[in-house]
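Nothing in this text is a laboratory measurement; each read-out follows from the coordinates by a stated rule. Quantities reported herein were computed from a predicted structural model and do not represent experimental measurements. Note that we place each Cβ from the backbone using ideal geometry, even for glycine, and neighbour counts take in every protein chain shown.
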Amino acid sequence: MLLLGFSAGLPLLLVLGTLSFWLREAGVDLTTIGYLSWVGLAYAFKWVWAPLVDRMPIPLLTRWLGRRRSWLLLSQVAVMVGLVAMSFNDPKVALQPVIWGALAVAFGSATQDIALDAFRIESANTERQAALAAAYQTGYRLAMIWAGAGVLWVAARAEIAGISGYQHGAWQAAYLVMAASMSLGMLTVLLSPEPQRRPMPVAKNAADWLRGALIEPFADFLHRYGQQALIILALIAVYRISDVVMGIMANPFYVDMGYTKDEIATVTKIYGVIMTLVGAFIGGVLSMRFGVMRVLMLGAILSAGSNLLFAMLSTRGHDVTALILVISADNLSSGIASAAFIAYLSSLTNLNYSATQYAIFSSMMLLAPKFLAGYSGRYVDAFGYQNFFVATAWLGVPVLLLVWLAARVKTP
């Protein structure tokens, strides 16, 4: 699970954060970079094809590897092929092939997440699930450091000395290294045993299948919460909106402020991840001590407020000390908010539909923010970074009202 967690965490930044850095360095305008963030909507809609991954066999491959491992291997191959395709195309010369490669990576990665959740749950009894989840999360975080900081380090060291400015060869080398890193997960799949096959419920027709897979879990939630469900769904849809919309422009902002690849790798990708983990720990402790809703409110205030620090940073130019301070506050806030939000989502689910309901909730929390984030580059082009960061802070104000209202919803 450690290696499979690594395989799951690797692709995410390579089609979102790291890709935006590469595109900006290649001279792609901010409006286009913002629109390209919609590639990440694949993760928001993965629940749509999750039942297919759960039930449909892959010709020949499933007979060889089994239901779970066949889907894992196929999705990992899609990620690897997509990364290789991205590496061999220069966005400065032809952007469209890079986009198609990124889409292949995103859909392959989302499919891998679906198959891996099922593989993990079916691979061990209940007593061992916590250990598997911990190993998975560790591998996932290590992959995010490798795909965030590692790719920048490789690109920096692959640059030809004496040549200033953008070098496609450096990014090609970096993305080929990332593609090769997927082989860890592929080898793990080939060497791992297929979980014991469990019988799937047989639907009489497509309508029965759709009702059991999607309609019943959602209807159960509406039945339990009634009209108050609208307040909860609204909160889920916008709680992370400040962070997500701002995050798309973070890497282009670092490039435009003159920070080097090594500075960004060290401060934002390694130190930043550590601060996020610290924040998540603090958020978990505070949630148990003071209750989830109070920490949910605190996380919403801190997340919106930390964006104002980026507005301040935009006026200071290349200031590494200020960057460290801002990243500390922002990632700590993000960790606190994430811990409380995950606990809140978990509290809403019915154990009879826990997997499906949680998948729907976690998809909803990305849909509106990622859609709005697509216009972030256009906003920066029109009004500048400082006004953009202030605007993302204002986006968090309605969230405070929704948290206050949701805190008054009676738990069924």
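Charges at C-beta only: +1 for Lys and Arg, -1 for Asp and Glu. How large is the resulting dipole of segment 299-412 about its Cα centre, in Debye rounded to 20?
300 debye
In the chain, once you exclude exposed trypsin sites (Lys or Arg not before Pro) (DSSP loop, at most 10 other Cβ within 10 angstrom), what's the longest stretch remaining?
Looking at the chain, 205-407 is the longest stretch - no exposed trypsin sites (Lys or Arg not before Pro) with at most 10 other Cβ atoms within 10 Å.
Could you tell me the distance between the Cα centroids of segment 256-275 and segment 11-26, to the nearest Å?
Taking the Cα centre of segment 11-26 as reference, the centre of segment 256-275 is 14 Å away.
Quick check on segment 1-195: take the gyration tensor over C-alpha atoms, sort the square-rooted eigenvalues as a ≥ b ≥ c, and tell me if it's rounded (a/c under 1.5), prolate or oblate.
Verdict is prolate for segment 1-195.
Net charge around Gly165, counting only other residues with Cβ within less than 11 Å of its Cβ (Lys, Arg = +1; Asp, Glu = -1)?
-1
Only four residue types carry charge here, +1 at the Cβ of Lys and Arg and -1 at the Cβ of Asp and Glu. Report the dipole size of the chain about the Cα centre in Debye, rounded to the nearest 20.
1020 debye
Who wins for biggest fluctuation among Ala174, Ala131, Ala393 in a Gaussian network model of the chain, springs between alpha carbons below 10 Å?
Ala131
In the chain, which whole DSSP H runs stretch at least 30 Å along their own axis (Cα) and average 0.5 or higher on the Kyte-Doolittle scale?
67-87, 95-122, 292-313, 320-348
Please work out the FRET efficiency for the pair Leu191 and Ile160, using the Cβ-Cβ distance as r and a Förster radius of 41 Å; give the result to the nearest 0.05.
0.60
Given R₀ = 35 Å, FRET efficiency for Ile282-Asp381 by Cβ-Cβ distance, to 0.05?
After rounding to 0.05, the efficiency reads 0.45.
Which of Met86, Met186, Met249 ends up with the largest GNM mean-square fluctuation for the chain, with Cα atoms connected below 10 Å?
Checking each option, the largest mean-square fluctuation is seen for Met186.
Would you tally the net charge around Val273, using a Cβ to Cβ cut-off of less than 15 Å, leaving Val273 out, and scoring K and R as +1, D and E as -1?
0
With a Förster radius of 22 Å, plug the Cβ-Cβ distance of Val81 and Thr32 into 1/(1 + (r/R0)^6) and report the FRET value to the nearest 0.05.
Computed FRET efficiency for Val81 and Thr32: 0.40.
Cα gyration tensor of the chain, axes a ≥ b ≥ c as square roots of the eigenvalues: rounded (a/c below 1.5), prolate (a/b > b/c) or oblate?
It is oblate, given that a/c is not under 1.5 and a/b is not larger than b/c.
For segment 205-412, what is the relative contact order in percent, using Cα pairs closer than 8 Å and at least 6 residues apart in sequence?
Averaging sequence separation for qualifying contacts and normalising by length gives 39 percent for segment 205-412.
Around Gln228, with a cut-off of 10 angstrom between Cβ atoms, what is the net charge of the other residues, counting Lys and Arg +1 and Asp and Glu -1?
Its environment carries a net charge of +3.
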